[in-house]
Amino acid sequence: MDAFKLMKELRVNYEQEAHYLPRETGLRLIESTTEDDSRISAKCRDAKVEDVWSLTSFFGYSTQTFVLAVNLLDRFLAMIRIQPKHLSCVSVSCLHMAAKVTEEECNLAPPVELIRIGQCRFTASDLCRMEKIVAEKLNFKSKAVTALTFLDLYHQIALSHCTDGKEILSLEKLEAQLKACLCRISFSKAKPSVLALSLLRQEIHAVQSEDMLEIACHIQRHLKITDAELRLWSERVARRLSDYSSPECSKPNHRKLQWIVSRRTAQNLHSYRTVPELPTIPEHCWDESESEDSCEDVMSSGEESLSSSLGSDAEGPYFPLHLRRQHLHA
């Protein structure tokens, strides 16, 4: 796409972005809510968005899916007052709705898998009903103008004006920084166009490219974004990325899945790890005149003991693979 068409598309999306912003009054209400309250707090929302990021990474979904899911979630939370116990159902519903729009059908995770991996306490029919509620309240069709929409356009414009732009600006890195920002509810109050431009300028300053900075200034003038607004969000982006890059920050995409099981299940899992005693194989050397039958007798007796000790579970899919290999090599 040439530069003229890109700037035209940029303007069209800029004029539409206000329709996809969460209600600021609703976001402020969430930010003012304490954790002891019966409503959703900012910390509760942020933690759930990080869970959505983890699920996105687990199922191999795109950044577009994650960003759209967060947009749907924030718009719904800013409009409808829900209890914390329903937040998991709402967030997973938003993720599934976003995935159905942005992902190939063959790559879609079944609702039961989303629920199982997310360790949620609702059913697939609950998820389906919640999707209908969210879609009805948001009048959701199949698209939304998000910060990723502008980030992608800014990146294309930069590449069209600068030959070495692809080597200087990494779209993948910019997307990762955007996801880090969206894990904090305060960035949902920013205009998508301004948030994306703040991320772009942050990266341009890091690579120290005068040509890229001129392109960013041209975009700012084209969209009539004020210096004060851009400076405000650029400072907030810089602080967020600084906090996110610290070793103390837990990265959602690097988080390991933690399974919560009952005591009975834990005991059953522990019993599977128990290695049964096997008959000792004689270590003395026998001469070559001994028939191979004697060796086969020893091995067959070992196999009988293995089978009798473990039962049918030794051959089943629930018996740990490394123990099955260990017994076979024994």
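Per-structure values
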read-out: Only one of V101, V52 that is closer than 20 Å to L27 by Cα and either hydrophobic (A, V, I, L, M, F, W, C) or at pLDDT 95 or above (or both); value: V52
read-out: Residue match in segment 117-127 (condition: among the aliphatic types (A, V, I, L, M) and under 19 Å from the mean Cα position of the chain (by Cα)); value: yes
read-out: Filter pass, C128 being touching a residue at least 12 places away in the same chain (Cβ under 8 Å), in a helix (DSSP H, G or I) and open to solvent by 30 Å² or more (accessible area, probe 1.4 Å); value: yes
read-out: Segment 207-231: number of residues that are open to solvent by less than 70 Å² (accessible area, probe 1.4 Å) and part of a helix (DSSP H, G or I); value: 13
read-out: Of the criteria (1) buried (at least 17 other Cβ atoms within 10 Å of the Cβ); (2) among the charged types (D, E, K, R); (3) over 21 Å from N13 (Cα atoms); (4) touching a residue at least 40 places away in the same chain (Cβ under 8 Å), which one E203 fails; value: (4)
read-out: S198 vs. criteria polar (S, T, N, Q) and within 25 Å of A69 (Cα to Cα); value: yes
read-out: Leading residue by the ranking (farthest from R81 (Cα to Cα)) among those in segment 30-39 that are touching a residue at least 40 places away in the same chain (Cβ under 8 Å) and not hydroxyl-bearing (S, T, Y); value: E31
read-out: Residue in segment 90-102 that is closer than 23 Å to S57 by Cα, outside any helix (DSSP H, G or I) and open to solvent by 40 Å² or more (accessible area, probe 1.4 Å) present; value: no
read-out: Selection status of V67, touching a residue at least 24 places away in the same chain (Cβ under 8 Å), within 19 Å of D152 (Cβ to Cβ), hydrophobic (A, V, I, L, M, F, W, C) and open to solvent by less than 20 Å² (accessible area, probe 1.4 Å); value: yes
read-out: Conditions (1) modelled with pLDDT under 60; (2) touching a Lys or Arg at 6+ places or on another chain (Cβ under 8 Å); (3) not hydroxyl-bearing (S, T, Y): number failed by A216; value: (1)
read-out: Test: residue in segment 166-187 that is touching a helix residue (DSSP H, G or I) at 6+ places or on another chain (Cβ under 8 Å), at pLDDT 95 or above and not in a helix (DSSP H, G or I); value: yes
read-out: One residue from R81, R28 being of a type in the set (D, E, K, R), in a helix (DSSP H, G or I) and over 19 Å from the mean Cα position of the chain (by Cα); value: R28
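The values are calculated or read from the model by the stated rules, or taken from the named source; none is laboratory data. Being a predicted model, the structure only gives us computed values, none of them experimental. We place every Cβ from the backbone using ideal geometry, glycine too, and count neighbours over all the protein chains shown. The area values use the complete protein model at the heavy-atom level, side chains included, leaving out ligands, DNA and RNA. Shrake-Rupley method; radii C 1.70, N 1.55, O 1.52, S 1.80 Å.
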